[in-house]
1. Please express the Cα-Cα pair-distance distribution P(r) of the stretch 95-224 as a list of whole percents, one per 5 Å bin, running from 0 to the bin with the greatest distance.
2. Assign one of three labels to the stretch 41-91, namely rounded, prolate or oblate, based on the Cα gyration tensor with a ≥ b ≥ c the square roots of its eigenvalues; rounded applies when a/c is under 1.5, prolate when it is not and a/b is larger than b/c, and oblate otherwise.
3. Once the Cα gyration tensor of the chain is found, what semi-axes does its equivalent ellipsoid get, as square roots of 5 times the eigenvalues, in whole Å, sorted largest first?
4. Return one quarter of the surface area of the convex hull spanned by the alpha-carbon atoms of the stretch 74-138, equal to its mean projected area, in nm².
5. Average the reciprocal distances over every distinct pair of alpha-carbons in the stretch 471-516, invert the result, and give the Kirkwood radius in Å.
6. Taking square-rooted eigenvalues a ≥ b ≥ c of the alpha carbon gyration tensor, is the stretch 313-371 rounded, prolate or oblate, where a/c under 1.5 means rounded and, failing that, a/b exceeding b/c means prolate?
7. Note down, for the stretch 259-325, the three equivalent ellipsoid semi-axes (square root of 5 times each alpha carbon gyration tensor eigenvalue), biggest first, whole angstrom.
8. Measuring from the lowest to the highest alpha carbon on each principal axis, how far does the stretch 155-302 reach, largest first, in angstroms?
Amino acid sequence: MKSASVRYRIVPSKLAAHRLEVRCTVDNPDEAGQRFALPAWIPGSYLIRDFARHIVSIRAECAGKHVPLVKIDKHTWQAPPLASGAALSVVSEVYAADLSVRGAHVDPTHAFFNGTSVFLRVVGREGSACLVDLRRPVGKEYENWRVATTLPPADGESGAARQNGFGLYRAADYEELIDHPVEMGTFTLAGFPTCGVVHEVAITGRHDCDVERLTADLRRLCEWQIRFFGEPAPMSRYLFLVTAVGDAYGGLEHRASSALICARDDLPYLGMRGLPERYRGFLGLCSHEYFHTWNVKRIRPQAFASYNLDVENYTSLLWAFEGFTSYYDELALLRCGLITAKEWLSGLARTIDRVHREPGRQRQTLAEASFDAWTKFYRPDENTPNTSVSYYAKGALVALALDLTLRAGTAGRVSLDDVMRALWLRHGAPEDMRGVGDDDIRLIAEELSGLDLEAFFADAVHGTSDIDLARLLRPFGIRLKRSPSSRAPSLGIRTASEGNELRLTTVYDGGAAQSAGLSANDLLVAVNGLRVTPASLERLLGRHRAGDEFTVHVFRRDELMDFTVRLAAPPRDCHRLMIATKSNPLRRGWLYGTDCPSPD
Ligand SMILES: [Zn+2]
């Protein structure tokens, strides 16, 4: 392995200036002139990010001599033809100041990077195995730094040869190289074995996490998910890379790890009782990214069977990969006993609220939302709620609807669980090279259940009408109740506080404000001649009734304008799910899984 023809060396170089130095050496470079390119996006986050814009400097050398590089597009450099046999090295300095799960971040407290931000792709050699030398930054203050990553150690490189994890690692190809994020620093590290898989949690940033509680809860969750898809697990080890900060929330899935960022207050603390909402949210995030280990990292849509990292990769199936994962991330918490049925149902009701509050669900189908993720979901603006539907939230409702349809239509014999396992066996486990096609999920569900699901998918995925969840939930003894979230009449706006004032962030299509001429970005300063603050608006509205007229004063640009709004009835957009009957075998199978009967 030490003779790998592509080798990388990476070291945090100027930490205060957020710099990494990355060397890429290739033996026998392309005789026509070797090209090197950095990805334009990172798998799992569907936005063109152009990581190469963070390259501060780049140079090449061969046998100790400078080699000129020509930049041929926004992220590709080309070397001239060289005498055969000589190794070519490219050294780049990368600016790393993006403290998100998608990029790279270096400062004197730690270094975190995704391969997509730092490792140049040797064009034409993407299938070659490579070696990576992870170097400790120079300086006494970094002596106690260590490494957390699931990159496999290079052969013969273990134990004493490695110091705190610094040293040589290997990847079978470029895609693997960029699928193992790396953390360097003085993080907290804890481990737990589950189903023969070594799991670890590394927490970076100041925190007071009760690590024992966290690992105990994660263990239940991971065990349930591994058993759900069936042992053995597809990975031999797994790492949760957690960055704790003041306030943030996000995660990105990888084949044997996930990068997570959260508020430190989301983590459990010593003496904490029960499952506070914040911690439940964090466990949901871990559950989500972990479920992706199967659903999207291995069971993949056709468009991701082999990534093209230069351009957008379009798929109409994100509703299945993100939406179904969102459905199961919460269901896993219930099935493994971390939350109760009542808590799970209230979470589900909030998802229904989210979908039903946005008029965009009547404009964009789930297939369209998936396809346009690159330019719409990942680039939201003030009009997004009017024109788009979330493939996460509505995708989760489609998973729910499909699960209920399958269970009710087969007297509990077949469920979405069976569809997921069939997807895993046919498209995930055998490293299917074709990927999941647009109709495969319907075809598998029809084959397993014997039901005709053509109309279901036409409506749910390719249509914009609301799914009749109340009807689907009835056989499970669950009532869906809809009511207004407030008694106050509605303006039909979404706002954000700006100091003591209110900015209209969205003006809903068909709402009272839009009919009156108000616009997103208007600054709401007064109502009926009186100054309004974020706290007083709701109170003012509460003293009126639908049909009343309301004079609204706003600044648009720097011009003061008045509008007369006729207030509308409050929308019935608040949902509650209630267990209506005492015992119901269909519901029991759904909530607790068919193979583990539990008190209903
Ligand atoms: Zn996801």
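What follows is calculated from the coordinates using simple rules that are stated; it is not laboratory data. Please read these numbers as outputs of a predicted model, since none were measured by experiment. Counting neighbours? That spans all protein chains shown, and the Cβs are built from the backbone with ideal geometry, glycine included.
1. Bin by bin from 0 Å, the calculated values are 2, 9, 17, 19, 21, 17, 11, 4, 1, 0.
2. Working: a/c = 2.74, a/b = 2.42, b/c = 1.13.
Cα axes put the stretch 41-91 in the prolate bin.
3. On the way: eigenvalues 391, 196, 117 Å².
Three semi-axes, in Å: 44, 31, 24.
4. Details: hull surface 25.8 nm².
The orientation-averaged projected area of the Cα hull of the stretch 74-138 comes to 6.4 nm².
5. On the way: mean 1/r = 0.0738 Å⁻¹.
Radius from the Kirkwood sum: 13.6 Å.
6. On the way: a/c = 5.39, a/b = 1.61, b/c = 3.36.
Here the stretch 313-371 falls in the oblate category.
7. Working: eigenvalues 213, 30, 17 Å².
In descending order the semi-axes read 33, 12, 9 Å.
8. 45, 37, 27
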